[in-house]
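Q: Structure provided below as structure tokens; questions to follow.
The values are calculated or read from the model by the stated rules, or taken from the named source; none is laboratory data. A quick note: this is a predicted structure, and the numbers were derived from the prediction, not measured. No Cβ is skipped: glycine too gets one built from the backbone with ideal geometry, and neighbour counts run over all protein chains shown. Protein only, heavy atoms only, side chains kept; ligands, DNA and RNA dropped before computing areas. Shrake-Rupley method; radii C 1.70, N 1.55, O 1.52, S 1.80 Å.
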Amino acid sequence: MKNLVVLTGAGISAESGVKTFRDSGGLWENHNVMDVASYDGWLRNPSMVLEFYNQRRLQLADVSPNRAHLALAELEEIFNVIIITQNVDDLHERAGSKNILHIHGELTKVRSTQDENYIVDIGYTAMNLGDTAPDGSQLRPHIVWFGEAVPAIEEASKICQNADVFLIIGTSLNVYPAAGLIHYVPFFTPVYYLDPNPTQSGFSRKVTIITKNASEGMEEILKKLKSDV
Ligand code: APR
């Protein structure tokens with residue numbers, strides 16, 4: 001089977017009711033992004049940051065995958081689908097996709113502040129100041145914040161090098177290194193970019209842009225990819 005590599009961003013979860021980052025005047029759920037999604041923000045006010053992610057987990061428990069997540073799971077019948085997601089939600093998993101690389105971390109997991117390899121799944125529950133790892137350090141959200149390295153980016157770039165079809169869904173392509181992954185995709189691999197408000201930055205290669213919402217656009221892509229196989 002051919003490799004279908006998919007890079008997803010906040011836009012794929014928008015129709016499930018999860019807010020995107022850059023569509024609401026620079027605020028993420030009424031917070032300055034740098035207060036709740038940067039390492040400096042965490043150092044300044046850890047209890048506020050923990051509470052923010054506690055709320056995001058509660059919200060996640062209440063939403064469901066939409067038609068676009070489900071279509072990607074369905075494509076596993078005809079492709080080896082590998083999803084590289086910038087999203088910290090678990091909607092790809094709940095839609096049934098099997099190969100998912102979360103390059104910006106996962107909301108349902110927390111980790112030791114001393115040992116980045118000590119990661120625990122807490123589901124949709126809360127975490128508070130004083131909750132510690134076995135090494136005695138405070139637990140923190142397993143989220144890659146601004147100002148932090150993106151450990152999974154090397155694996156992601158290797159996946160992109162083996163893409164037979166590359167699909168980008170619902171991302172402003174504003175945040176690096178994720179936005180640079182397209183440069184690893186072989187030059188003759190077809191690239192589709194599905195977003196109702198796609199970036200205007202331009203591409204140095206041929207990209208088929210579909211200016212639609214994720215669920216509607218995925219119906220179109222699903223039909224096309226099925227008929228091409
Ligand atoms: N369907 C598809 N795309 C949509 C929809 C929809 N229904 N609604 C909005 N979008 C698009 C917007 O047009 C925009 O291009 O989703 C994109 C969301 O962009 P951002 O909010 O910048 O989200 P994303 O690109 O995922 O952000 C990248 O930034 O703050 C960090 O770590 C965070 O992973 C995040 C990263």
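Q: Within the bounds of region 106-119, is there any residue that is in contact with a Phe, Trp or Tyr (Cβ under 6 Å, 6 or more places away or on another chain) and touching a residue at least 60 places away in the same chain (Cβ under 8 Å)?
A: The answer is no; no qualifying residue exists.
Q: What single numbered condition from (1) outside any loop (DSSP other than H, G, I, E, B); (2) surrounded by 16 or more Cβ atoms within 10 Å (Cβ to Cβ) fails to hold for residue 224?
A: (2)
Q: Across region 1-17, what is the total count of residues that are within 14 Å of the ligand (Cβ to nearest atom) and open to solvent by less than 30 Å² (accessible area, probe 1.4 Å)? Break it down stepwise before answering.
A: Taking region 1-17 and keeping what is within 14 Å of the ligand (Cβ to nearest atom), we get 6-17.
Still in the running and open to solvent by less than 30 Å² (accessible area, probe 1.4 Å): 6-13, 16.
The qualifying residues number 9.
Q: Which of the following residues is open to solvent by 30 Å² or more (accessible area, probe 1.4 Å), in contact (Cβ under 8 Å) with a residue 24 or more places away in the chain and not aromatic (Phe, Trp, Tyr): 161, 200? Steps first, please.
A: Details: 200 fails: in contact (Cβ under 8 Å) with a residue 24 or more places away in the chain.
Just one listed residue meets the conditions, 161.
Q: Just give me the residues in region 50-73 being charged (D, E, K, R) and touching a Leu at 6+ places or on another chain (Cβ under 7 Å), in sequence order.
A: Residues satisfying the conditions are 56, 57.
Q: I'm checking my understanding of the structure. Among residues of region 164-192 that are under 15 Å from the mean Cα position of the chain (by Cα) and part of a strand (DSSP E or B), which one is surrounded by the most Cβ atoms within 10 Å (Cβ to Cβ)?
A: 168
Q: Sticking with this one: Name the residues in region 1-47 that are under 20 Å from residue 173 (Cα atoms) and among the basic types (Lys, Arg), would you?
A: Hits for region 1-47 are 19, 22.
Q: Restricting the search to region 174-196, which residues are without any contact (Cβ under 8 Å) to a residue 24 or more places away in the chain and not aliphatic (A, V, I, L, M)?
A: We begin by selecting, within region 174-196, every residue without any contact (Cβ under 8 Å) to a residue 24 or more places away in the chain; these are 176, 179-180, 183, 187-188.
Answer for region 174-196, where residues must be without any contact (Cβ under 8 Å) to a residue 24 or more places away in the chain and not aliphatic (A, V, I, L, M): 176, 180, 183, 187, 188.
Q: With respect to the numbered conditions (1) at pLDDT 95 or above; (2) at negative phi; (3) assigned to a loop (DSSP other than H, G, I, E, B); (4) of a type outside the set (S, T, N, Q), which one is the sole condition not fulfilled by residue 130?
A: Residue 130 satisfies all of (1) at pLDDT 95 or above; (2) at negative phi; (3) assigned to a loop (DSSP other than H, G, I, E, B); (4) of a type outside the set (S, T, N, Q) except (2).
Q: Which numbered condition in (1) at pLDDT 95 or above; (2) surrounded by 16 or more Cβ atoms within 10 Å (Cβ to Cβ); (3) more than 27 Å from residue 37 (Cβ to Cβ) is the only one that residue 209 fails?
A: Residue 209 satisfies every listed condition except (2).
Q: Another question, if that's okay. Of the residues that make up region 23-43, is at least one away from the ligand (no atom under 15 Å from the Cβ) and open to solvent by 50 Å² or more (accessible area, probe 1.4 Å)?
A: Residues of region 23-43 away from the ligand (no atom under 15 Å from the Cβ): 43.
Remaining after also requiring open to solvent by 50 Å² or more (accessible area, probe 1.4 Å): 43.
Yes, some residue in region 23-43 is away from the ligand (no atom under 15 Å from the Cβ) and open to solvent by 50 Å² or more (accessible area, probe 1.4 Å).
Here's the yes/no breakdown for (1) touching a Lys or Arg at 6+ places or on another chain (Cβ under 9 Å); (2) at pLDDT 95 or above; (3) part of a helix (DSSP H, G or I); (4) away from the ligand (no atom under 14 Å from the Cβ):
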site	(1), (2), (3), (4)
51	no, yes, yes, yes
60	no, yes, yes, yes
73	yes, yes, yes, yes
81	yes, yes, no, yes
94	no, yes, yes, yes
